[in-house]
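Some notes on the structure that comes next.
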Ligand SMILES: [Zn+2]
Ligand SMILES: [Zn+2]
């Protein structure tokens, strides 16, 4: 038996071991459509479902990014938010909901990489990350950080910051008050719940700088509004927001 054939056998054996290990480690069904998962697909979600992710496309409100709006939406025209612009990558629909759930609550950190790729591939041209001085993830309270083990926004922000060579700051905007999860509350309660939750430390660092805030999901905007209001106390030159997902009704 030639050495080439032995190495081929070893290669096949290793591939089989690897595939068995993967099948063992990952559930065989897609979390979204329950189709059989190919070994090569993104774990837990099949390629078809992954392709179903719906990305936001212009036109959108110049400021808040609400889809299907030319210029400014009524809300931004009458009482504009304090951020310069808010952009989101995709709608918070089935596949992305599942991916974010796996990432955030089931702690499958492998999704950080997949989701960062998604952001990088679809970042709007009017929100290019390289033009900012700093990237700031929306912080979670240290109690939640202990429970979850990581801040999902920080992992996303890190991936984006690294790719674009922009500095990420995680100790300037901090969450100094523990709040109940926003997702458990209605619209008005969210606003009340989040008031006073953030604090800016060492404000001189971002004074006169261009800052991009990163979060995973934009729902009512209460969290982002509160974080932006707090950041303005440091008098930055610009504050914009980028979120991975955006709920349909916002
Ligand atoms: Zn599927
Ligand atoms: Zn708007």
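For segment 43-56, filtered to residues that are away from ligand 2 (no atom under 16 Å from the Cβ) and under 17 Å from residue 247 (Cα atoms), the residue that is surrounded by the most Cβ atoms within 10 Å (Cβ to Cβ) is 53. Restricted to segment 33-58, and to residues there that are over 15 Å from residue 86 (Cβ atoms) and more than 16 Å from ligand 1 (Cβ to nearest atom), the residue that is modelled with the highest pLDDT is 55.
Is at least one residue of segment 167-179 touching a strand residue (DSSP E or B) at 6+ places or on another chain (Cβ under 7 Å) and within 22 Å of residue 62 (Cα to Cα)? For segment 167-179, residues touching a strand residue (DSSP E or B) at 6+ places or on another chain (Cβ under 7 Å) and within 22 Å of residue 62 (Cα to Cα): absent.
Taking the criterion of being part of a helix (DSSP H, G or I) and either modelled with pLDDT of 70 or more or within 16 Å of ligand 1 (Cβ to nearest atom) (or both), the residues of segment 16-32 that qualify are 17, 18.
Can you tell me which condition residue 64 does not meet? The list is (1) within 14 Å of the chain's Cα centre (by Cα); (2) away from ligand 1 (no atom under 16 Å from the Cβ); (3) buried (at least 19 other Cβ atoms within 10 Å of the Cβ), and all the others hold. In the conditions (1) within 14 Å of the chain's Cα centre (by Cα); (2) away from ligand 1 (no atom under 16 Å from the Cβ); (3) buried (at least 19 other Cβ atoms within 10 Å of the Cβ), residue 64 misses (1) alone.
All conditions but one from (1) within 16 Å of ligand 2 (Cβ to nearest atom); (2) assigned to a strand (DSSP E or B) apply to residue 83; the one that does not is (2).
Okay, residues lined up against (1) modelled with pLDDT of 95 or more; (2) crowded, with 21+ Cβ neighbours inside 10 Å:
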residue	(1), (2)
71	yes, no
77	yes, no
136	yes, yes
141	no, no
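Here the strands (runs of 3 or more DSSP E) wholly within segment 149-241 that include at least 2 residues being under 17 Å from the mean Cα position of the chain (by Cα) and in contact (Cβ under 8 Å) with a residue 24 or more places away in the chain are 210-218.
The values are calculated or read from the model by the stated rules, or taken from the named source; none is laboratory data. Since the structure is predicted, the reported quantities are computational estimates derived from the model, not experimental observations. In this analysis, Cβ positions are derived from the backbone assuming ideal geometry, glycine residues included, and neighbour counts consider all displayed protein chains.
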